[in-house]
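> Take a look at this one; I'll ask things after.
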Ligand code: THG
């Protein structure tokens, strides 16, 4: 699995200000630390960057690539900032992301700079409601990209993970269902998720359980890449195949097997409970692990 470190983020309480003030040191420290954690890519999230986004992204790419050999995932909705980053990026960057609304403008960048891109399944009417709507958006992105000689392998489809604490509209299942449809829909293509989205709004000490459990659930569908917290060592161990028994347990619960909680250890029981919460079998509450 390809791991993309999420920690260089304009939303971060400490790094956001450093990014805005062009304070290189803390940014480079986080880039180095994420590299040491074994991240394959480092996400550089500058947000919409409406004001001088091009200069901002150019500075970020240069600043980060000064201290790491890892390729970067350029995370912005500003097409000018995207191209400015691609222009100075050494090696093969990842465009994060292209959606239907910006594809005519941004797909040419994929060809011009020979890179891969995350195809964000955001529809013309906003967030898709189910797996089929995701499929329809994916088909349109794929068709348009293929017509521009972009190969399936260059597209990493992102079903858009939303917070599990939002009981009104939980997209955990439709995202999984879409992942199951993807090999037929776009053979050879990749996939990507912003994993930490799933735990947004949950208490800090419990977020990792939601993130790790959802990753194991996505692994059932051979998830190709994930944007993750580079400092969650347990999560990295899971992604790197070092927790096969735990992953197997999660998949058994997903298959509806009756798992005797009394036969599980404390950690295993937590993950088994979290699967049920994510699937909506148990109702979410901030104390679901108790
Ligand atoms: N898909 C794609 N790109 C994405 C996302 C996605 N990029 C952004 C986001 N979603 C993935 N990255 C993050 C980064 C941080 C957090 C969540 C997702 C996060 N941070 C903590 C918080 O906000 O509470 C801590 C912030 C801090 O350091 O202060 O949750 O879905 N293609």
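Here, each number is a calculation from the coordinates, and none is a lab measurement. Owing to the predicted nature of the structure, the values given are computational and were not obtained by experimental measurement. So basically every Cβ, Gly included, is an ideal-geometry build from the backbone, and we count neighbours across all protein chains shown.
> If I take R0 = 30 Å and measure r between the Cβ atoms of residue 33 and residue 105 in this structure, what FRET efficiency does the formula 1/(1 + (r/R0)^6) give, to the nearest 0.05?
Using R0 = 30 Å, I get an efficiency of 0.30.
> 222 nm [θ] for the chain, helices only, -39500 (n - 2.57) per DSSP H run of 4+, per residue, to 500?
It lands at -14000 deg cm²/dmol.
> Something else: Please work out how much length the chain gains when fully extended from residue 50 to residue 132, using 0.36 nm per residue of separation minus the C-alpha to C-alpha distance, in nm with one decimal.
Length difference between fully extended and current span is 26.2 nm.
> With label points built 7 Å along Cα→Cβ from the Cα atoms of residue 69 and residue 255, find their separation and express it in nm.
Placing both labels 7 Å along Cα→Cβ, they lie 4.2 nm apart.
> Now, a different point. Please report the equivalent ellipsoid semi-axes of the chain, computed as sqrt(5 x eigenvalue) of the Cα gyration tensor, largest first, in whole Å.
Value: 31, 23, 16 Å, ordered largest first.
> Can I ask one more? Tell me, 144, 266 in order of fewest to most beta-carbon neighbours within 10 Å?
Listing 144, 266 from fewest to most nearby Cβ atoms yields 266, 144.
> While we're here: Find the relative contact order for the range 55-136 and round it to a whole percent, using C-alpha pairs within less than 8 Å whose residues are 6+ positions apart.
25 percent
> Spin-label point model (7 Å from Cα, Cβ direction): what's the residue 92 to residue 268 distance in nm?
Spacing of the two 7 Å Cα→Cβ label points: 4.1 nm.
> Do you know the relative contact order of the range 1-130, to the nearest whole percent, from alpha carbon pairs under 8 angstrom that are 6+ apart?
19 percent
> How would you rank 143, 271, 113, going from fewest to most other Cβ atoms within 10 Å of each one's own Cβ?
With the fewest neighbours first, 143, 271, 113 line up as 143, 113, 271.
> Treat each spin label as a single point 7 Å out from the Cα along the C-beta direction, and report the residue 276 to residue 234 distance in nm.
1.9 nm
> Rounded if a/c is under 1.5, else prolate if a/b beats b/c, else oblate: with a ≥ b ≥ c from the C-alpha gyration tensor eigenvalues square-rooted, which is the range 156-201?
oblate
> Let me ask something else. Among 114, 75, 23, whose mean-square fluctuation peaks in a Gaussian network model of the chain (Cα, cutoff 10 Å)?
23
> Would you work out the relative contact order for the range 136-288, in percent, from Cα pairs under 8 angstrom that are 6 or more residues apart?
The normalised contact order for the range 136-288 reaches 21 percent.
> How much of the DSSP beta bridge set in the chain is antiparallel, as a percent to the nearest 5?
5 percent
> Ignoring solvent entirely, what values of log10 I(q)/I(0) come out of the Debye formula for the range 148-290 at 0.11 Å⁻¹ when each Cα is a single scatterer?
Taken in order of the listed q values, log10 I(q)/I(0) reads -0.40.
> Between 0 and 90 degrees, rounded to the nearest ten: what's the tilt of helix 172-185 against the longest Cα principal axis of the chain?
60 degrees
> Rounded, prolate or oblate: which fits the range 34-87, taking a ≥ b ≥ c as square roots of the Cα gyration tensor eigenvalues, rounded meaning a/c under 1.5, else prolate when a/b beats b/c?
Since a/c reaches 1.5 and a/b is larger than b/c, the shape of the range 34-87 is classed as prolate.
> Could you identify which residue out of 247, 275, 67 has the top mean-square fluctuation in a GNM of the chain using Cα springs shorter than 10 Å?
Per the Cα network of the chain with a 10 Å cutoff, 67 tops the list.
> Okay, next question. Which residue, 194, 256, 123, tops the fluctuation ranking in a GNM of the chain built on C-alpha contacts under 10 Å?
256
> Hey, fewest Cβ within 10 Å first, where do 250, 172 land in order?
Ranking 250, 172 by Cβ neighbours within 10 Å, fewest first, gives 172, 250.
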